[in-house]
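Here is the structure we will look at, set down as structure tokens.
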Amino acid sequence: MKTLDISCPDPCAAALQTVPQSISYALVFLCTCLGLTGLVTSSNWTRDLSVALLAGYLYTDFWMWGLHCWLDREENMKSRWSYVKSLAEEFQDHHDHPSDLIGSNHLASIEASSFLLIALAYGAAIVVGTSSVAKLAMSSMLLFGSIAGLNHYYCHARNHKLVIPSLFHRAQDIGLLPSHIFHKRHHTAPFDTNWSFLCGFGKVFEFLHARTGATYTGATIAFVLCCPFTTVLTSTCLL
């Protein structure tokens, strides 16, 4: 096996070297601090922290599944919205050239959604005063999203016989993260399964999607239900 050369644009190193992502991580840190400040006065901080982490994980699991399911649709390649079309082209080009991921800063692809989520979370906090649990849930969503994106990179690295960090290698092997084998099936035509980036409810989502006809409308509804706007709205109201 070849050792993964982190002097090339490996996201684990390169992500922290880009200014936009550095700002993003700083804002997440501030949001987390705000949440933790509230937990100090909580009568049951362990419960609140557990709820925030669980909510963030479930939000991330649904969001990344719904995003990939929707952007893999051929209909988006003909979208009248140029932004949607360009995103779909980027996602579907990844199926044609999966190995290109090895030489790129993969985490840069989630910058836009990260900034949007942070902006919406802070906006909700300022306007309506969200709870510390809601703030921490949004922070943990970005944390789990980064872990999922990084694991995606390492799935491809492992499929190309590169040595990946032992932590991710072990997590894949014992089922804490999607494995390189699981993700390789996603890159097998017709590219209509294994959209999950975390080990959550992906199979349930896929079952419901298939039972409703695997339609573009159904994929769009799932995308709307799991997008950052909906995530912040539900976390504000429920957490």
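The values are calculated or read from the model by the stated rules, or taken from the named source; none is laboratory data. These numbers come from a predicted model, not from an experiment. FYI the Cβ positions are ideal-geometry reconstructions off the backbone, even for glycines, and counts take in every protein chain you see.
Observations on the structure shown:
- On the stretch given as the stretch 128-173, residues that are charged (D, E, K, R), out of contact with any Ser or Thr (no Cβ under 9 Å at 6 or more places or on another chain) and touching a residue at least 40 places away in the same chain (Cβ under 8 Å) total 1.
- Flag if residue 60 is modelled with pLDDT of 85 or more and either under 27 Å from residue 185 (Cβ atoms) or buried (at least 16 other Cβ atoms within 10 Å of the Cβ) (or both): yes
- Every pair of residues 6+ apart whose Cβ atoms lie under 8 Å, when the first sits in the stretch 75-90 and is in contact (Cβ under 8 Å) with a residue 60 or more places away in the chain while the second is loosely packed, with under 14 Cβ neighbours inside 10 Å and of a type in the set (Ser, Thr, Tyr): 75/216
- Pairs where the first residue, in the stretch 177-197, is closer than 11 Å to residue 159 by Cα and the second is of a type in the set (Lys, Arg) and outside any loop (DSSP other than H, G, I, E, B), C-beta under 8 Å, 6+ apart: 180/158
- Only a single item in (1) over 16 Å from the mean Cα position of the chain (by Cα); (2) among the hydroxyl-bearing types (Ser, Thr, Tyr); (3) modelled with pLDDT under 80 is not met by residue 114, and it is number (1).
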